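Novice: Before we start, here is the structure in question, set down as structure tokens.
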Amino acid sequence: MNKYRILASNMLILAVGQLSSKLLVYVMLRFYTDKLGTAGYGEMSYIVTACDLLISVVSLSISSAVLRFALEKDNDGKMVYSVAVNTVLINSALFLAAVPLIKLIPIFRGYEWLIYIYVVLGMLKENIAIYVRSRYSVTLYAVDGIITTVSTVVYNLLFLGVFDFGVAGYVFSIVLGNVTSIVFLYATTGLMKDYHPFSCDKTLRQAMYRYCVPLMPTSVMWWIINFSDLFMMTVFIGNDATGIYGFAYKFPNLAVMVIGIFSQAWRMSAITERNSRTTSNFYSNTFSMLQTVIFLASAGIMLILRPMIMPFFGSEEFQSAYLYVPVLLGAVIFQSFDNFLASIYEAARKTTHSMTSSAIGAFSNIVLNVVLINTIGIMGAAIATLISYIIVFVYRIADTKKYLYMKIYWLKIGVNLALLAAMSWSIMALEYGVLQNTINAVIFVVILALNFKSCVQAVKLVLAKKTGSPANKQDKERQR
């Protein structure tokens, strides 16, 4: 099987497992907004995002090292897994001492023990799932995604719909969803046999820490870019604005969901194919595929934003959220580019460079948020996020050339971005109606036509019988 077919196969399995489950969350979105309201939805958003940040910080981002080192067949997978679990258990005990400090933050007061449980179980679930994905089965990992999401939704219906526990009920549902996932993965694999708490390969552990520790501050920086605006809006504007902004971000996250599946499959290929003689072509072709996916996904979301998404998902108090979606989609496009470029650092084990570029983006985001949120409110936060991701993209494009040559077709990127900007203008400036829908439909067709060739070439690469064979001429002609 050629490397493109392996990439496509993993993407298909992950898509079947994750798209179906994650779309269920969007079906439930109206239920969440009705039950929580703008203020409650805003409060829930910053609790969950803070917990996700703490998972990365407290665990030292060890799950990234699990993926990197467990995929290398020369490493003992059981030792990789044991290092990760020991790290989680030891750091969970240390994090216990910090629980009283959590209540010092007003927005977290009363949730400190729930946050602790969320973080500990989140760390354990993340590392177990990634180890299963690396050493056991991508299919099992995808099935686990369905089980986790479905169980979380069931718990939400119970704690929000029946008992009306509000924000605490939503957060506790995620905790129980992680418990369900852990039980499922242990029941279907030999994970109990893989864990050796007192056997330690010190060389492997040191290598894993050298790899993952720089990614921990990198996660902090990404969190600042992604979510610091939620906290600043709470301070400067209030919870209602935070709820509207968090709601608006849900729809660009549809594109993130698609790209996330692509990225998960790609990171596995980037690691296993890093020493291939055709690495440069592989990266160039895959980056072209990524552009096609993200541009079409973004255009599709904007096409149905006003006529379908807002009426279906948003109650009346959330209707103004559509104004911010186009700018946030732009941010998501550059975020996906940044994440792809990060895979070059990870394959080359140059994770400190990922940290440096993320720090630059985070600093820019803080400064821009302070200035723009105070000036133009919610839109300022969206613009700050977009500009920060663009800054990181410019830095990484220049820096990654040291480690890998990758052909980038700037004209194609520029034309796609210009067409998406025209759709954004139509959504934000024109009154909703036939004219707006017609303009967006025409632009969508143009974007589809512009990227059709890339779609055809991607299919040819996947169907080629053997990478490097005469049939696979696309690997010799970089994909446009």
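Novice: For H196, work out the one condition from (1) at pLDDT below 85; (2) assigned to a loop (DSSP other than H, G, I, E, B) it doesn't fulfil.
Specialist: Only one criterion in (1) at pLDDT below 85; (2) assigned to a loop (DSSP other than H, G, I, E, B) is unmet by H196, namely (1).
Novice: Still on this model: State yes or no: is A421 farther than 23 Å from L372 by Cα, among the small types (G, A, S) and out of contact with any Ser or Thr (no Cβ under 6 Å at 6 or more places or on another chain)?
Specialist: no
Novice: What number of residues in the stretch 377-419 are farther than 28 Å from A348 by Cβ, modelled with pLDDT under 90 and β-branched (V, I, T)?
Specialist: Going through the stretch 377-419 one residue at a time, the tally reaches 1.
Novice: Select from the stretch 418-433 the residues that are under 24 Å from the mean Cα position of the chain (by Cα) and surrounded by fewer than 16 Cβ atoms within 10 Å (Cβ to Cβ) and list them in ascending order.
Specialist: Result: A421, single match.
Novice: If the requirement is being surrounded by fewer than 21 Cβ atoms within 10 Å (Cβ to Cβ) and at positive phi, which of these qualifies: G166, G161?
Specialist: The match here is G166.
Yes/no per residue for (1) buried (at least 18 other Cβ atoms within 10 Å of the Cβ); (2) closer than 25 Å to I224 by Cα; (3) not assigned by TED's automatic domain parsing to the domain that holds Q291:
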position: M379; (1), (2), (3): no, yes, no
position: S388; (1), (2), (3): yes, yes, no
position: T400; (1), (2), (3): yes, yes, no
position: K407; (1), (2), (3): no, no, no
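Novice: Would you confirm whether any residue within the stretch 237-250 is assigned by TED's automatic domain parsing to the domain that holds F340, assigned to a helix (DSSP H, G or I) and among the basic types (K, R)?
Specialist: no
Yes/no per residue for (1) in contact with a strand residue (DSSP E or B) (Cβ under 9 Å, 6 or more places away or on another chain); (2) more than 16 Å from I225 (Cβ to Cβ); (3) outside the structural domain of E431 (by TED's automatic domain parsing); (4) crowded, with 18+ Cβ neighbours inside 10 Å:
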site: P311; (1), (2), (3), (4): no, yes, no, no
site: L329; (1), (2), (3), (4): no, no, no, yes
site: F337; (1), (2), (3), (4): no, no, no, yes
site: L341; (1), (2), (3), (4): no, no, no, yes
site: E346; (1), (2), (3), (4): no, yes, no, yes
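Novice: For the stretch 335-393, which positions are closer than 23 Å to Q264 by Cα and aromatic (F, W, Y)?
Specialist: F337, F340, Y345, Y389, F393
Novice: Okay, moving on. So, restricting to helices (runs of 4 or more DSSP H) that lie completely within the stretch 23-118, which ones have at least 1 residues that are farther than 23 Å from G260 by Cβ and basic (K, R)?
Specialist: 29-58, 77-96
Novice: Would you tally the residues in the stretch 27-83 being farther than 18 Å from M221 by Cα and aliphatic (A, V, I, L, M)?
Specialist: The number of residues fulfilling the criteria is 14.
Novice: Within 18 Å of the chain's Cα centre (by Cα) and at negative phi: is that true of V325 in this structure?
Specialist: Answer is yes for this residue.
Residue by residue, here is whether (1) more than 30 Å from T33 (Cα to Cα); (2) modelled with pLDDT of 75 or more; (3) of a type outside the set (D, E) holds:
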residue: I174; (1), (2), (3): no, yes, yes
residue: L185; (1), (2), (3): yes, yes, yes
residue: T188; (1), (2), (3): yes, yes, yes
residue: Q206; (1), (2), (3): yes, yes, yes
residue: S228; (1), (2), (3): no, no, yes
residue: E273; (1), (2), (3): yes, no, no
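Novice: When you check V99 against the structure, is it free of Cβ contacts under 8 Å to residues at least 40 places away in the same chain, out of contact with any strand residue (DSSP E or B) (no Cβ under 9 Å at 6 or more places or on another chain), buried (at least 20 other Cβ atoms within 10 Å of the Cβ) and more than 30 Å from L254 (Cα to Cα), yes or no?
Specialist: Spelling it out, it is not the case that V99 is free of Cβ contacts under 8 Å to residues at least 40 places away in the same chain, out of contact with any strand residue (DSSP E or B) (no Cβ under 9 Å at 6 or more places or on another chain), buried (at least 20 other Cβ atoms within 10 Å of the Cβ) and more than 30 Å from L254 (Cα to Cα).
Novice: Return the residues of the stretch 199-236 that are buried (at least 20 other Cβ atoms within 10 Å of the Cβ) and not in a helix (DSSP H, G or I); say none if nothing qualifies.
Specialist: P214
Novice: Report yes if some residue within the stretch 232-255 is under 28 Å from T356 (Cβ atoms), touching a Ser or Thr at 6+ places or on another chain (Cβ under 7 Å) and at pLDDT below 75; otherwise report no.
Specialist: no
Novice: If you take the residues of the stretch 158-177 that are in a helix (DSSP H, G or I) and in contact (Cβ under 8 Å) with a residue 60 or more places away in the chain, which of them is nearest to the chain's Cα centre (by Cα)?
Specialist: This residue is I174.
Novice: Surrounded by 21 or more Cβ atoms within 10 Å (Cβ to Cβ), in contact with a Gly (Cβ under 6 Å, 6 or more places away or on another chain) and touching a residue at least 12 places away in the same chain (Cβ under 8 Å), is that true of A129?
Specialist: No.
The values are calculated or read from the model by the stated rules, or taken from the named source; none is laboratory data. From a predicted model like this one, the values you see are computed outputs, not experimental measurements. Ideal geometry is used to build each Cβ from the backbone, glycine not excepted, and the neighbour counts take in all protein chains shown.
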